[in-house]
1. Taking the Cβ of Glu83 as the center, what net charge do the other residues with Cβ under 11 Å away carry, scoring Lys and Arg +1 and Asp and Glu -1?
2. Once phi is turned into ³J(HN,Hα) by the Karplus curve 6.51 cos²θ - 1.76 cosθ + 1.60 with θ = phi - 60°, what whole-Hz value does each residue of region 448-456 show in order, with x for glycine and proline?
3. Report the net charge of residues surrounding Leu292, where surrounding means a beta-carbon distance below 11 angstrom and charges are Lys +1, Arg +1, Asp -1, Glu -1.
4. Need the C-alpha centroid separation for region 501-565 versus region 210-279, integer Å.
5. By per-residue mean of other Cβ atoms within 10 Å, what is the highest-first order of 109-117, 52-60?
6. Defining a contact as two alpha carbons under 8 Å apart and six or more residues distant in sequence, what relative contact order in percent does region 4-93 show?
7. Give the long-range amide H neighbours of Glu297: residues separated by 5 or more places, or on another chain, with amide H under 5 Å away, using H modelled in the peptide plane at 1.01 Å from N.
8. Which whole-Hz couplings ³J(HN,Hα) result when phi for each residue of region 329-346 is put into the Karplus expression 6.51 cos²θ - 1.76 cosθ + 1.60, θ = phi - 60°, listed in order with x for Gly and Pro?
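What follows is calculated from the coordinates using simple rules that are stated; it is not laboratory data. As the structure is a computational prediction, the values presented were derived from the model and not from experiment. When we count neighbours, we look across all protein chains shown, and the Cβ atoms used for this are built from the backbone with ideal geometry, even at glycine.
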Amino acid sequence: MPAVPQILLVPLEELGRAELKRFQWYLTAENTLEGFSHIPKAQLENTDVQDMVDKMVDRYKPRGAVEITLLILRMMEQNNLAEKLESKLREGNTAHMILTTQIDYEAVKIKMKSSLKEKYERILDGTSVRGHRKFLNDIYTDLYIVEDETGGVIHEHEIMQAEASAKRFTTEEIPLTCSDVFKVLSDPSRRNRKVLTMGIAGVGKTVSVNKFILDWAEGKTNQDIDFIFPLLFRELNSMKDKNYSLTELLHEHFEDSVELRSLPGGDGKVMFIFDGLDECRFPLNFTEKEKLKNSNEKTSVGRLITNLIKANLLPSALVWITSRPAAAHQIPRDYIDQVTEVRGFSDEQKEEYFRKYSDKDQDTAKKMISHIKKSRSIHIMCHIPVFCWISATVLQPMLAKGTSEELPTTLTGMYVQFLIFQTDQMKEKDDAKNINKKRKQDKAEHIIMKLGKLAFHQLEKGNVIFYEEDLRECRIDVSEGSVHSGVCTRIFSKEQGVCKTMVFSFVHLSVQEFLAAVYVFLSHRNKKKNPLYPNTVENRLKWLFKSTEAIYESAIGKALESENGHLDLFLRFLLGLSLESNQRLLKELLPQTVIRAVSVEKTVEHIKEKLNGNIPSERSINLLYCLNELKDDSLVHEIENYLSSGHVSTEKLSSAQWSALVFVLLMSEETQEKFELKKYRGSDEGLKRFLPVLKNTKQAM
């Protein structure tokens, strides 16, 4: 029976003089091999291979000597010699050495599965402070996930993408379950290594990731994977200024992984999930030529991630990245095997959600579904699961108590009611604590305005997550506890990352956009300021005497200047707040609000003038949604009458009428199924204008 030292000699004696010297360097270098102490350099001077092996066995014991030899050989890229050593161990009665190492992997895997199951078996319904944790398996509804080849920079707001996605649920596409996201559809026996999953904010990307992890941890699917390491970009941001080895990074995030000195080899045995690329605040440089292959070498977090994606580091690992569409172009498609898209709820799944939400009162559920269908813009938004939650939060109590109050039919109305509901819930809790009525009203108004300022300034920067320094810029003192209680916790979430860094966000991007609009609206209405322009003396004097209509016109101009449409939904909300009905609701919430009955006719005319100009189709569609928020449908009615007349010719249409025609066709369920282009006589220019319709119909004729 060969002893361990004899077996170790087999691969080591094949090393050349320079390679052996390098092997010894690893043994003597401090802090190079995590989990192993170094051998003092003096002890290995003038030693031959046999003496070196004896020193290793003496210092690390037989099992440790095998582990460190395998580790160094792989770090030196002497994989053939490492495999030869493993083969020799299996041949003799010393096979227990290699099996012991595998048992250690198995023990760590069991502990990690248990921890991940505990972490992901429940999901938050609501916000991080006031929400209820429900079992994911009880409430999970399969989302519509499909293969997608979308690439490049996105030039439209996510809501526009949601509206387009809502029309693309087709029978020809094959939906994927989240557990099959790595499988090659044409050959399920094969799988992709690098997958990028895109989807707009709140559509269910993270929930899909959580379900994948939970099913694995419970032993249901993907059991050929040994380890899954889910990492959030919002947490990795706090580590951007330090250097880590991959092993150290994992130990920092996963307590149960500290026994792992190296990761198992083999095809797809290890999976890394990087969730929320759009929240990344450190550079990802894919042009760097120097390769990182050593998982124990310290470097920046960004470089670790790029080398995992480029397959320089752990080339056999699986990598799953999730991102909102606008950030997805940061990863070159050369490094991605498959792109998938989460499209949220189909029409049937929307209805299923409301039935589950009101499971004890199906009559109310039916009324909610019926009301949602009456407003095309609200029905489309319910394609996003988070918006279903916002709508249900507003509609269920209003319908349950049979109030005569008009149900919201616009996005602005829905969000004002959502904010009122959350504030009322906070007041009820304060009543139970006997908190003075004026004090709690002042507190709510004070924090809403501060959150609105934070929402607006971060929206301008394109940020959806914030840190303590961002809050301090808006004079929100985290230590006061204002962000830990009351209305704030109902629309604002906080999480503590692995480095004890607090991360904040609104419950959804649309809530941030709504509060930003409230802040801009009230800044001018109550203080005659326009936050859309720098806070200079000249601008303060300029806007002191400007009308409210001028604020709307300046906001329209800013939104049209945006390359990616990031102010589109903000603009809808801001214009929606010009309606007196919404202002009265806002005054309920913020008594200091000054209500002025302002005619929307000037704003409507200004929008129509812009529609007659040369603006991108995405911006023109959004302006028509703005008219919807203003409850002006004159342009749409004009086109509908034109279509019903039977004289369909596009040669004499103005730009505004063209935009309205495309808008009406996009909203038509009939057009989603079939679009008869031949009906519309016109020019080549007209054909170009119909491209959005052609893109979103199942059949063009």
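1. On the way: positive: Arg74, Lys84, Lys88, Arg90; negative: Glu86.
Combined, the nearby Lys, Arg, Asp and Glu give +3.
2. Once θ is set to phi - 60°, the couplings for region 448-456 become 5, 5, 5, 5, x, 5, 4, 4, 5 Hz.
3. Numbers: positive: Lys291, Lys293, Lys298, Arg303, Lys310; negative: Glu288, Glu290, Glu297.
That sum, taken over residues with Cβ under 11 Å, equals +2.
4. 41 Å
5. Numbers: 109-117: 16.4, 52-60: 18.0.
Descending packing order for the listed peptides: 52-60, 109-117.
6. Working: 56 pairs, mean separation 33.6, N = 90.
For region 4-93, the relative contact order is 37 percent.
7. Answer set, sorted by chain and number: Leu246.
8. 5, 5, 9, x, 5, 4, 9, 10, 7, 8, 10, 10, 10, 8, 9, x, 8, 7
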